[in-house]
Every structure is written in C-alpha cells, then in structure tokens.
C-alpha cells in the first residue's frame, strides 16, 4: 500500500458524524468552483473591488484550463476511492481524474489572487476556507495528498498569473 493511501487511511480515524457533515458541506462549497465564481462576481459588482474581481476571474480561467483542460486528462490519475473500494464515500463519486485536486486548485487560486491584489481582509478568510476544502478532499477519500499539493501549486500559479495579466507592472508583494 502506498504511503498516500496510508495517510488517507489515518485520516479516516478522525471520522465523526459532526465532521462527516461538516466536511461534506465544506467540499460542496467548492463544487464547480461555485463559491469562488460567486465571490468574483460580487467583487466585479463593487466599483472599489472591480479590479480585484477581474484578477480572480482571469486566475480562475487559467486554473480551469491548467487543471481540468490540461493536467487531469494528461496525467489521468485514478482516484483513491477507486483503488480502495472498501471505503464508503459520503459524497457522490467524482467521475473525473484525481490529479490535481480541482476543488483545492480553485480555492487556492482565489486565495492567491486576493493575496496578490492586497485584499488583506479577504485573502485570509479565503485561505482558511481553501485549507478546509483541501482537507475535506482527503477526509472524503477522493484525492491523494499529492493531488491536494498539486492543486495548491496550480492555484498559487494561477492566482499569480491572473495578477500579472491584469497588473503587469505592479509589485505583487503586499
């Protein structure tokens, strides 16, 4: 058994009815990037944060292309729940590939985009939610730890790229 499956099996020890409900709820927040798309739309509607919203939108588009359009089909990694069918999933079995975690990538894309745009009142809660979403994917046994790490890397890269495209001459360091 791989070290990654051992890590996932260790996480299974944490299961409680409360955490099961919480992790299912948290992971649903990341379904199809809906919460991040909604956040971007709200930012675009507010004149003071319109440029931030544009960075988030561009970053999410880059993330979708990298994650779902290129990496998932190219790497075609089977999910851990397919390798270990003894695990009873608490959510519907995802029908795409495992690497990288799309939920994690979209969450970290938004958190990174908000960080680079210096939205300090927004990037910190976004980062907390991103970490919770990433952990939920492990807890729910639908991603390997390296899928989540890959999602974080794609997300930070996409967040930075969105920043650079909208603000090519600005300093990204708050």
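None of the figures in this text is laboratory data; all of them are computed from the coordinates on show. None of these values were measured; they are calculated from a predicted model. All Cβ positions, glycine included, derive from the backbone under ideal geometry; neighbour counts span all protein chains shown.
Overview of values
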{"item": "Extension reserve of the residue 149-residue 44 stretch, reckoned as 0.36 nm per residue once the Cα distance is removed", "result": "34.9 nm"}
{"item": "Two-decimal ratio, the stretch 35-108, of alpha-carbon radius of gyration to 2.2 N^0.38 Å", "result": "1.40"}
{"item": "Residue-span extension gain [residue 95 to residue 167] - 0.36 nm each, minus C-alpha spacing", "result": "22.3 nm"}
{"item": "Length released on extending from residue 70 to residue 11, taking residue separation times 0.36 nm less the Cα-Cα span", "result": "18.3 nm"}
{"item": "Cα Rg, Dmax (largest Cα-Cα span) when computed across the stretch 80-174, Å", "result": "15.1, 52"}
{"item": "All-pairs Cα distance distribution in the chain, expressed in whole percent, bin size 10 Å", "result": "11, 39, 32, 15, 4, 0"}
{"item": "Angle in degrees between helix 34-45 and the longest Cα principal axis of the chain, rounded to the nearest 10", "result": "10 degrees"}
{"item": "Estimated inter-spin distance, residue 131 and residue 18, nm [label 7 Å along Cα→Cβ]", "result": "1.9 nm"}
{"item": "Inter-probe distance in nm under a simple model that places probes 7 Å from Cα toward Cβ, at residue 51 and residue 87", "result": "4.3 nm"}
{"item": "Percentage relative contact order, the chain, counting C-alpha pairs under 8 Å, at least six apart", "result": "31 percent"}
